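In what follows, a single structure is set out as structure tokens and then discussed.
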Amino acid sequence: MNYRARNIFRPMTFFVGLLCFATYSGVRAADARGAGKPSENRTVESAHEFLKSELENGAQILILQDIQEKNEYIAGYAGSGCNSTFKTAQGTPAVIDWSRVSKVESIVDRAIYYYEVQIYGNISIKGQLRPHLFIKPESDVLSARMTAAMDFLRTSCDTTSKTGF
């Protein structure tokens, strides 16, 4: 191939690569946002509905009782207003008042397929307050979507947000 032909294809190759990257990144970002669902359609009720549909499909919950950690499967979820109740297959209830949650974050390590949603605040487990609760969804995309729904509940129920801080 001569010099002129090589210089024509070099910018085209770069453009095609850039187009593929932008397309892939846009799809992943749309998945993480909730399949492109506009944020103005989100409500507290829709967040509870989403969490119920996903959590009752076999997500694990990590419960710290005293010093022991227990992995249990979520068997039931009920949510209304600023409260959520998780029930495990063993019958352990965990109650969250979203107005008392300080932080929700997603921890993802794709190298070892580890996905976790961490909820920090005053969480009642068997009537005792605990500082955090960990939920283990099955994928990084689901972890991001659950984190978004739970953070939406946290911010919607924050009674101090009216102060501007």
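The values are calculated or read from the model by the stated rules, or taken from the named source; none is laboratory data. Bear in mind the structure is a predicted one, so any value in this text is a computation, not a measurement. Ideal geometry is used to build each Cβ from the backbone, glycine not excepted, and the neighbour counts take in all protein chains shown.
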Notebook entry, point to check: Out of the stretch 111-139, which residues are in contact (Cβ under 8 Å) with a residue 60 or more places away in the chain and not aliphatic (A, V, I, L, M)?
Noted result: K126, R130, H132, F134, K136, P137, E138
Note to self: So Y114 passes all but one of these: (1) in contact with a Cys (Cβ under 7 Å, 6 or more places away or on another chain); (2) surrounded by fewer than 17 Cβ atoms within 10 Å (Cβ to Cβ). Which condition number does it fail?
What the structure shows: (1)
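Quick check, is L142 in a strand (DSSP E or B) and either out of contact with any Pro (no Cβ under 6 Å at 6 or more places or on another chain) or among the hydroxyl-bearing types (S, T, Y) (or both)?
Details: in a strand (DSSP E or B): no; either out of contact with any Pro (no Cβ under 6 Å at 6 or more places or on another chain) or among the hydroxyl-bearing types (S, T, Y) (or both): yes.
No; evaluated as a whole, the condition is false for this residue.
Can you find even one residue in the stretch 119-129 that is under 12 Å from the mean Cα position of the chain (by Cα), outside any helix (DSSP H, G or I) and surrounded by 15 or more Cβ atoms within 10 Å (Cβ to Cβ)? Break it down stepwise before answering.
From the stretch 119-129, those under 12 Å from the mean Cα position of the chain (by Cα) are 119; that's our starting set.
Retained after the next criterion (residues that are outside any helix (DSSP H, G or I)): 119.
Still in the running and surrounded by 15 or more Cβ atoms within 10 Å (Cβ to Cβ): 119.
Scanning the stretch 119-129 turns up at least one residue that is under 12 Å from the mean Cα position of the chain (by Cα), outside any helix (DSSP H, G or I) and surrounded by 15 or more Cβ atoms within 10 Å (Cβ to Cβ).
For the stretch 103-131, which residues satisfy the criterion of being in contact with a Pro (Cβ under 7 Å, 6 or more places away or on another chain) and modelled with pLDDT of 85 or more?
Of the stretch 103-131, the ones in contact with a Pro (Cβ under 7 Å, 6 or more places away or on another chain) are 115, 117, 120, 126.
Listed by number, the residues that qualify are Y115, V117, Y120.
What about Y77, is it over 26 Å from R42 (Cβ atoms) and either within 15 Å of the chain's Cα centre (by Cα) or assigned by TED's automatic domain parsing to the domain that holds E45 (or both)?
Working: over 26 Å from R42 (Cβ atoms): no; either within 15 Å of the chain's Cα centre (by Cα) or assigned by TED's automatic domain parsing to the domain that holds E45 (or both): yes.
When the stated conditions are applied, Y77 does not pass them.
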Next item on the list: Out of the residues in the stretch 80-93 that are over 18 Å from the mean Cα position of the chain (by Cα) and assigned to a strand (DSSP E or B), state the one that is modelled with the highest pLDDT.
Entry: S80
Item checked: Single residue of the stretch 76-106 satisfying the filter (among the β-branched types (V, I, T) and under 15 Å from T155 (Cβ atoms)) that is surrounded by the fewest Cβ atoms within 10 Å (Cβ to Cβ) -> V104
